[in-house]
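Visitor: Before anything else, here's the structure in question.
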Amino acid sequence: CGHKQLYIPIGCSMALFRSAEFACFSENNTNYQARKGSPDLGKFTLEGTRPFSAWFLHAAIQMHGQAGYSEVLDGNVKLANTFHDLLQTHSSVEIYSKPDLNIMLYRFIPSHLRDLIQQGIHKEKALDEINLLNEQLQQQQFSEGRFFVSFTKVFDSKFGRDMVWLRAVFMNPFTTQEDMQDLLQDQQRILHSILQVY
């Protein structure tokens, strides 16, 4: 996805196939162009031709080069790992996994809900509250406009249901550890205000 990591429009994203034969499964043919068996590569695109947006990718690669993009990608993964290490210092945070890319999934589980789950008391209600809490936290932080962390749902085989996770994507090479600490402090402030309502 060039949009996420290469800083170019979303339309420049691409699918790379291990074998050229796999591309045939997405082939679109017409009687006036991109005919079956023709060398026209447009038959493998939605546009029916090579899109102009391909120039964005070409220009970006020429400008940054492999070394430039390697630095960006490695830096983004390093930021995600720094955030992972920072999250580990918070007892109310559960981490989905150590990041392989520039994306970090985590969620807040207050101790009283963690205790209910471990004891098996009102477990379903506690899981509902964890989902709602993290979703509300994300929405409030987004509406305040100081930080942006999205959320997603991932099926949890342990509980047999979808669970909400906060999703931090690191793309800005100017992000600092102080920025991450500010983000977490802001989330804890919001979390505290939400828990006051309960």
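The values are calculated or read from the model by the stated rules, or taken from the named source; none is laboratory data. Bear in mind that the values here come from a model prediction, so they are computed numbers and not experimental data. Glycine also receives a Cβ, built like all others from the backbone with ideal geometry; neighbour counts cover every protein chain displayed. All accessible areas refer to the heavy atoms of the entire protein, side chains included, with ligands and DNA or RNA removed. Shrake-Rupley method; radii C 1.70, N 1.55, O 1.52, S 1.80 Å.
Visitor: Can you give the relative contact order of segment 108-198 as a percent, counting alpha carbon pairs under 8 Å and 6+ residues apart?
Guide: With pairs under 8 Å counted, the relative contact order is 24 percent.
Visitor: Placing unit charges on C-beta atoms (Lys and Arg positive, Asp and Glu negative, everything else neutral), compute the dipole magnitude of the chain about its Cα centre in debye, rounded to 20.
Guide: Result for the chain is approximately 520 debye, rounded to the nearest 20.
Visitor: Okay, next question. Quickly estimate the mean residue ellipticity at 222 nm for the chain, helices only: each DSSP H run with n ≥ 4 gives -39500 (n - 2.57), and the total goes over all residues, rounded to 500.
Guide: It lands at -15500 deg cm²/dmol.
Visitor: When we measure straight from the Cα of residue 98, which lysines land under 16 angstrom away, once same-chain ones fewer than 8 places off are left out?
Guide: 78
Visitor: If you don't mind, another one. Given a Förster distance of 22 Å, report the FRET efficiency between residue 58 and residue 15 from their Cβ-Cβ distance, rounded to the nearest 0.05.
Guide: According to the calculation, E is roughly 0.80.
Visitor: A further question follows. On average, how much accessible surface per residue is there in segment 68-198, in Å², for a 1.4 Å probe, leaving out ligands, DNA and RNA?
Guide: Per-residue value: 56 Å².
Visitor: Leaving out ligands, DNA and RNA, and with a 1.4 Å probe, what % of the accessible surface on the chain is carbon or sulfur?
Guide: Roughly 57 percent, rounded to a whole number.
Visitor: Follow-up question, since we're still on this one. Which value, in Å³ per residue, describes the convex hull spanned by the Cα atoms of segment 124-198?
Guide: 99
Visitor: Okay, moving on. What residue among 123, 43, 158 has the largest mean-square fluctuation in a Gaussian network model of the chain, using Cα springs under 10 Å?
Guide: Greatest mean-square fluctuation among the candidates belongs to 158.
Visitor: Please grab the % of Cα pairs in the chain that end up more than 32 Å from each other.
Guide: So the portion of pairs separated by more than 32 Å is 37 percent.
Visitor: Another one. Pick out, from 120, 37, 87, the residue whose Cα sits farthest towards the positive end of the charge dipole of the chain, with +1 on the Cβ of Lys and Arg and -1 on the Cβ of Asp and Glu.
Guide: Of 120, 37, 87, it is 37.
Visitor: Let's see if you can work this out: charge +1 on each Lys and Arg Cβ, -1 on each Asp and Glu Cβ, no other charges. What is the dipole magnitude of segment 118-198 about its Cα centre, in debye to the nearest 20?
Guide: It works out to roughly 260 debye.
Visitor: Sequence gap at least 6, Cα distance under 8 Å: using those rules, report the relative contact order of the chain to the nearest whole percent.
Guide: After rounding, I find 16 percent.
Visitor: 7 Å from Cα along Cα→Cβ at both residue 24 and residue 152: what's the point-to-point distance in nm?
Guide: 3.3
Visitor: Next question. For residue 90 and residue 182, what is the calculated FRET efficiency with R₀ set at 22 Å and r taken between the beta-carbons, to the nearest 0.05?
Guide: Once the sixth-power term is evaluated, E becomes 0.95.
Visitor: Any idea which of 68, 139, 26 is furthest toward the positive side of the dipole for the chain, if Lys and Arg beta-carbons carry +1 and Asp and Glu beta-carbons -1?
Guide: 26
Visitor: Which whole-number percent gives the relative contact order of segment 91-160, counting Cα pairs below 8 Å spaced six or more residues apart?
Guide: That works out to 18 percent.
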